[in-house]
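Read the structure below first, then the notes.
What follows is calculated from the coordinates using simple rules that are stated; it is not laboratory data. Only a predicted model underlies this, so the values are computations on that prediction, with no experimental measurement involved. Here the Cβ positions follow ideal geometry from the backbone for every residue, glycine too, while neighbour counts run over all protein chains shown.
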Amino acid sequence: MKQKGLRANLITGTAAIIFGIWVWFQADKFPEDPTITLNSDFFPKMLVLGLIGASLSMMFIAYKNEKGEAFDSISLRKPAMQRVVLILAATMIFAFIMKPLSFILGGMLYLFAVTYVLGNRKWKQMLLVSIIAPIVVFYVFKNVLGITLPMGILKFILR
Amino acid sequence: MEGLFQSFAAVTQPGVILSIFIGVAGGTVLGALPGLTATMGVALLVPFTFGMELINSMGMLLGIFLGAMYGGSIPAILIRTPGTPAAAATAMDGYPMGQRGEAGRALSMSLISSVSGSFIGVAVMIFLSPQISKFALKFSSAEFFSLAVFGLSIIIAISGNSISKGLMAAFFGLLLSTIGSDPINGLPRFIFGRMELYEGPPFIPTLIGLFAVSEVLAGAEKIISAKKINAKVDRILPARKDFIKCFPTIVKSGLIGCFIGAIPGAGGDIAAFVAYGEAKRSSKTPEDFGHGAIEGVAAPEAANNGCAGGAMIPLLSLGVPGDAVTAILLGALTMQGLQPGPLMYLEHLPDVHNIFAAMIIGCFCVFIVGALGMKVFARVISIDKKLLLPCIMILSLVGSYSMRNNIVDVYITIIFGIIGYLFQKYHYPLSPILLALILGPMAERNLRRYLVISSGNFDFFYTRPICTVLLLAAVASLIISVLNQRKIARNLAKAEAEGRYNNEFENDDDTQ
């Protein structure tokens, strides 16, 4: 348990340090403004130093911690993690197809797919929610809030 | 006072009351759903307010805030699973009451205590925040920088079990806040040619990603079947005898909650446990606590709702949010063209009065919505997560899109959702990121402005008394908050070990 927790903390701490170093080099590229004493890179660099200091301190505390921290590991072999990845993939696809296909059609497909991934097998309930929810959301946004969600290929019907 | 009466006239327009009502109902439903936090609820509902007129949108936002604070107690009493961490203390006596067949008695006491606590908090807010803002008008750049540090220090201190992880999250959030134009010379930073980022990461999509999308992903990982409610809700108002018995506890706890809530970072959970402890200490029958004492429901509920008014004090008078929920309110109000802080009392006094009036009307709405909808909210807890989570995800994406009708905001939401999920997975708190996004620009702008004026001299640490006090207070609060957090963690662990409530929250700082 201790080894697993320590490894996770060391990995995230190292990632934060690498991120900090990358930010430092990016900040170095900011153009200088000769009219002011402190340039645009001053504050980000100060923060990078803070981030690196905090990361080192976290890793040191994790190393010293006798009991160790308990983490759920990220393993794609676990069904729970597979669910998360599938939902993320579905969400990204939904974001990509929302504009061309329309929010309503994309939303219907998305809701059906995600409820299925989450283990729901009540087909009637799934169909009903998948069809009704996007239509309700679309018309609430359009008529109550005055915001038109993407109409895509349905724009001739929804106008 | 005259201005406040005028605001009452404006806020009692049917459209505004309806907005507050809808906000309270929405907030209560989301607060009542275990695992869906008040922060997430407010984040999710904020985009719905942007198409509205300022007063309606403000009313709805405050309604959501008040409703979410109350909603957490319902599942705490019925299924021993607090809807919000602030309601964890309520479960300790509320659930045993429900088991004894007194769920209606516990719920009605929770409602009346919540409403009373909210009124107390709002009254103190109306009285105190103008006084603090008058004092804050003397602040210059150095003082505002010190204030931002003070706000950040406390937030970091209550960031879960690891201070260093809280610090890392805060520095990460502060770095995110440097994306966009430089506050002094306007030069672009870290935008990599994407002009959408020139004004910084869009606030609402970022917070929806961090607090809603990440929660859905975490929820998808551990699908728990909805619990069946066995308790019977047979009354909506407490008996006169119960109310008279609990009245002193309610007043005392409301005041405790308000003053604890006014400390930036000290949220409803701390207030609820402090008030619970005080109620037990001063009770003639302390042995009843933990076994279904009605004061054990009244005290935490009055305290965590008193916190709502308290948390608004630093927000309105100093522009510093009291907790994650008020940080979202601050962002939402800013996007509506209002900049909370001392200058708001000079430049937008009618809006300040509107906020006061809307909070008071909001308290009445909590009572009406709570009384009428108690039985409905009790059923909401049983909604199947397999249907709920995809609907929340759709609302999150649509909410982000509707801000600017820009699909890039949807991508940003998904990215921050993944970041938030990974942060949660590795026990990094999310609240410091949110608060750093708000306090970061304030800190940088004022520090650099001061250093430009003083030619790079850092002497404000000891030459300006307000700065010295604020910075020393930051150090002191850090130490005190750490000690308090440890105490609460011990109490929670003890209560959980004794099986007095189910804890769905691993990092309570992020689940307010």
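At-a-glance table
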quantity: Sum of side-chain charges, residue B:440 neighbourhood, beta-carbon under 15 Å (Lys, Arg +1; Asp, Glu -1); calculated: +2
quantity: Rg in Å to one decimal, and Dmax rounded to a whole Å, for chain A via C-alpha atoms; calculated: 24.2, 68
quantity: For the range B:87-141, alpha-carbon Rg over 2.2 N^0.38 Å; calculated: 1.85
quantity: Using alpha carbons only: equivalent-ellipsoid semi-axes of the range A:79-158, gyration tensor based, whole Å; calculated: 24, 15, 10
quantity: Exposure proxy ranking, count of Cβ atoms within 10 Å, fewest first, for A:121, B:404, B:464; calculated: A:121, B:404, B:464
quantity: Span from the the range B:415-462 Cα centroid across to the the range B:1-74 one, whole angstrom; calculated: 28 Å
quantity: Over chain B: Kirkwood hydrodynamic radius from C-alpha pairwise inverse distances, Å; calculated: 22.6 Å
quantity: 0 to 90° range, to nearest 10: angle between helix B:268-282 axis and chain B longest Cα axis; calculated: 40 degrees
quantity: Integer Hz, Karplus 6.51/-1.76/1.60 couplings in order for the range B:348-363, x for Gly and Pro; calculated: 10, 4, x, 5, 4, 5, 4, 5, 4, 5, 5, 5, 5, 4, x, 4
quantity: Dimensionless Rg ratio for the range B:44-141, taking C-alpha atoms and the 2.2 N^0.38 Å reference; calculated: 1.42
quantity: Pairs from A:78/B:386; B:165/B:385; A:78/A:122; B:252/B:284; A:155/B:386 whose Cα-Cα separation, in the structure shown, is over 27 Å; calculated: B:165/B:385; A:155/B:386
quantity: Along principal axes, Cα extents of the protein assembly as shown, largest first, whole Å; calculated: 73, 61, 60
quantity: Peptides ranked, highest mean first, by Cβ atoms within 10 Å: ranges B:239-246, B:207-214, B:167-174; calculated: B:207-214, B:167-174, B:239-246
quantity: Neighbourhood net charge (12 Å Cβ-Cβ; Lys/Arg +1, Asp/Glu -1) for residue A:103; calculated: +3
quantity: Helix-derived mean residue ellipticity, 222 nm - over chain B, DSSP H n ≥ 4, -39500 (n - 2.57), to 500; calculated: -23500 deg cm²/dmol
quantity: Charge context of residue A:118, other residues only, Cβ under 12 angstrom, K/R +1, D/E -1; calculated: +4
quantity: Least to most buried among B:280, B:222 (fewest other Cβ within 10 Å first); calculated: B:222, B:280
quantity: Long-range amide H partners of residue B:189 with built H, under 5 Å; calculated: B:180, B:181, B:182
quantity: Shielding by other protein chains, B:426-438, mean Cβ within 10 Å; calculated: 2
quantity: Backbone HN-Hα couplings from phi across the range A:146-159 [Karplus 6.51/-1.76/1.60, Hz, Gly and Pro as x]; calculated: x, 10, 9, 7, x, 9, x, 6, 9, 5, 6, 8, 7, 5
quantity: Karplus 3J(HN,Hα) series, Hz, for the range B:466-479 with 6.51 cos²θ - 1.76 cosθ + 1.60 (x for Gly, Pro); calculated: 4, 4, 4, 4, 5, 6, 5, 4, 4, 5, 5, 4, 4, 5
quantity: Range of Cα positions in the range A:2-64 per principal axis (Å), largest first; calculated: 53, 16, 7
